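Here's the structure, in structure tokens; my notes come after.
The values are calculated or read from the model by the stated rules, or taken from the named source; none is laboratory data. The model shown is predicted, which means the values in this text are computed figures rather than measured ones. Quick reminder, even Gly has a Cβ in these numbers, built from the backbone with ideal geometry, and neighbours come from all protein chains shown. For accessibility, only protein heavy atoms count, side chains too; no ligands or nucleic acids. Shrake-Rupley method; radii C 1.70, N 1.55, O 1.52, S 1.80 Å.
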Amino acid sequence: MESFHDLANEISSLEHRISDAIFDTLREQVRAGGSEQAKELERQLSKVRRSLQKAEVLLRATNQD
């Protein structure tokens, strides 16, 4: 069984991948002249990133391993 610390590390890795996707989306948005679809995707990915950050903090705060 994985420890909460290990799970938090995996979530952190996912959060970094989402952050990269956000930057890629923003880059494409600039190239496309501000596509509304890209803006919505960026908003959704930002929500996912914030949720992952919250999950990581909660897991790290858990003292069980």
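A compact table of results
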item: Rounded to 10°, Cα long-axis angle of helix 36-61 versus longest principal axis of the chain; result: 10 degrees
item: Net charge, Ser19 excluded, C-beta distance under 12 Å - Lys, Arg +1, Asp, Glu -1; result: -1
item: Cα centre as origin, Lys/Arg/Asp/Glu Cβ charges: the chain dipole, Debye; result: 340 debye
item: Helix 4-31 axis, angle to the chain major axis (alpha carbon atoms, nearest 10°); result: 10 degrees
item: Computed [θ] at 222 nm, helices only, for the chain once each DSSP H run of length n ≥ 4 contributes -39500 (n - 2.57); result: -29500 deg cm²/dmol
item: Residue among Ala61, Gln29, Ser51 farthest towards the positive dipole end of segment 17-65, charges placed on Cβ; result: Ala61
item: Summed residue charge, Cβ within 15 Å of Ala55's Cβ, Lys/Arg positive, Asp/Glu negative; result: +1
item: Extended-chain gain in nm, criterion 0.36 nm per residue less alpha-carbon gap, His16 and Ser51; result: 11.4 nm
item: Accessible surface of the chain [probe 1.4 Å, protein heavy atoms]: carbon and sulfur percent; result: 53 percent
item: Whole-number accessible area per residue in Å² for the chain, which is evaluated in the context of all protein chains at 1.4 Å; result: 76 Å²
item: Reported label for calculated Rg and Dmax of the Cα atoms in Å given [x] 11.7, 34; [y] 14.9, 49; [z] 12.1, 38; result: [y]
